[in-house]
Amino acid sequence: MKAGVYTAAQADRGQSLFRSKCASCHAPNRFTDDLFYTSFAGKPLWEMFDVISDSMPEDDPGSLKKEEYADVIAYLLKLNNFPSGPSDLPIDKDALSAILMEKP
Amino acid sequence: MIQRVLMAAAITGYSIGVVVTAAQAPTRTTNDGVYTAAQAARGKSVFESKCGGCHEPSRFTGDPFYEAFNEKPMKEIWDIASGTMPEDNPGSLKQQEYGDILAYFLSLNEFKTGDAELQGNAAAMAAIKIEKKK
C-alpha cells in the first residue's frame with residue numbers, strides 16, 4: 001500500500017463514480033472510520049473488491065464494470081491518504097490478493 | 001485471603017460462563033411465532049422512515065435474506081442492524097425499534113405471528129434461529 005497502488009487519475013474517476021453511484025447512501029467518511037478498518041485492515045485488497053463488486057449498488061449488485069469498481073476503491077484509498085503511484089489499481093483477483101490493506 | 005477472593009471470582013466467572021453459553025443456544029426458530037403483527041406494523045413504519053432511503057424491503061426477503069442468514073441465530077442480523085445502521089448514525093435507534101424492524105422482516109418473509117413480541121436485545125435474538133418458512 002505504501003508503494004502507491006493506484007493512480008491519481010483513477011481516484012478522480014472513482015470519485016465521479018462514487019458521487020453518481022454510491023453517494024445517495026454512503027457518505028465518504030464512512031470509508032475512513034474505525035468500522036472501515038475493522039472490516040478490511042490486515043486483509044488483502046481483494047476482500048474489499050469482492051464485497052463491493054458482489055453487493056453494491058444494493059439496488060443492482062455487480063452492475064458496474066470491474067474497472068469501475070477498481071476506480072471507486074482507488075478513490076477510497078485516496079480518501080485514506082494512501083499515496084498514488086504510476087499504475088492503476090488492477091482488477092484481477094491474483095493482483096488484488098497480493099496487496100495488503102493496512103492502516104495508513 | 002487474596003487466594004480465596006481470586007478463587008471466588010473464578011468460580012463466579014465460571015458460572016456466568018455457563019449461563020451465557022446456555023442462553024446462546026437457540027431454543028426457538030422463526031417458525032415458532034416469535035413476533036406480533038402490531039410489532040411488525042411498527043417496524044414497517046420505522047423501516048420506511050429510517051431505512052427506506054437506501055434499502056428496498058425486497059433485500060430482506062427470499063434468497064438475499066436466506067443466503068445471508070439461514071440457519072443462523074437472529075443475533076447475526078441484530079448485530080449488523082443495531083451495530084452499523086443507519087449508516088449515517090449507527091446505533092441511533094432505540095433497542096426495541098431495531099427489534100421491531102426485525103419483526104417486520106419476519107413478516108415480509110411470511111412467518112406466522114405469535115402472542116409475544118420479539119424482544120429487542122442480543123440475548124433474546126441469540127435464542128432464536130432463522131430457518132426457512134415451514
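Quick notes
- Sorted peptide list for B:65-71, A:57-63, criterion being average Cβ within 10 angstrom, highest first: B:65-71, A:57-63
- The protection proxy used here, the mean number of other Cβ atoms lying within 10 Å of each residue, ranks peptides A:44-51, A:65-72, B:46-53 as follows, highest first: A:65-72, A:44-51, B:46-53.
- J(HN,Hα) series, the stretch B:56-67, from Karplus relation 6.51 cos²θ - 1.76 cosθ + 1.60, nearest Hz, glycine and proline x: 7, x, 4, 5, 10, 10, x, 4, x, 5, 6, 4
- Pairwise FRET efficiency - A:Y37 versus A:N81, Cβ, R0 = 22 Å, nearest 0.05: 0.95
- Estimated FRET transfer efficiency (B:N121, A:R19; beta-carbon r; R0 45 Å; 0.05): 0.70
- FRET efficiency for B:A25 and B:T61, using Cβ-Cβ distance with R0 set to 25 Å, rounded to 0.05: 0.40
- Derived scalar couplings between HN and Hα for the stretch A:40-45 equal 10, 5, x, 10, x, 4 Hz in order, rounded to whole Hz, by the Karplus curve 6.51 cos²θ - 1.76 cosθ + 1.60 (θ = phi - 60°), x for Gly and Pro.
- For the set A:K21/A:K78; B:K50/B:K132; A:K43/B:K72, the pairs lying more than 23 angstrom apart at their alpha carbons are B:K50/B:K132; A:K43/B:K72.
- Helical contribution to [θ] at 222 nm, DSSP H n ≥ 4, -39,500 (n - 2.57), averaged over chain A, rounded to 500: -13000 deg cm²/dmol
- Fraction of the pair-distance distribution of chain A above 15 Å, Cα-Cα pairs, percent: 59
- Unpaired Cys in the protein assembly as shown, meaning no second Cys C-beta under 4.7 Å: A:C22, B:C51.
- Inter-chain Cβ neighbour count for B:44-57, averaged per residue, equals 1 (cutoff 10 Å, partner chain atoms only).
Read-outs: derived from the displayed coordinates by stated rules, not from any lab. The structure presented is a predicted model; accordingly, all values stated were derived computationally and were not measured. Ideal geometry is used to build each Cβ from the backbone, glycine not excepted, and the neighbour counts take in all protein chains shown.
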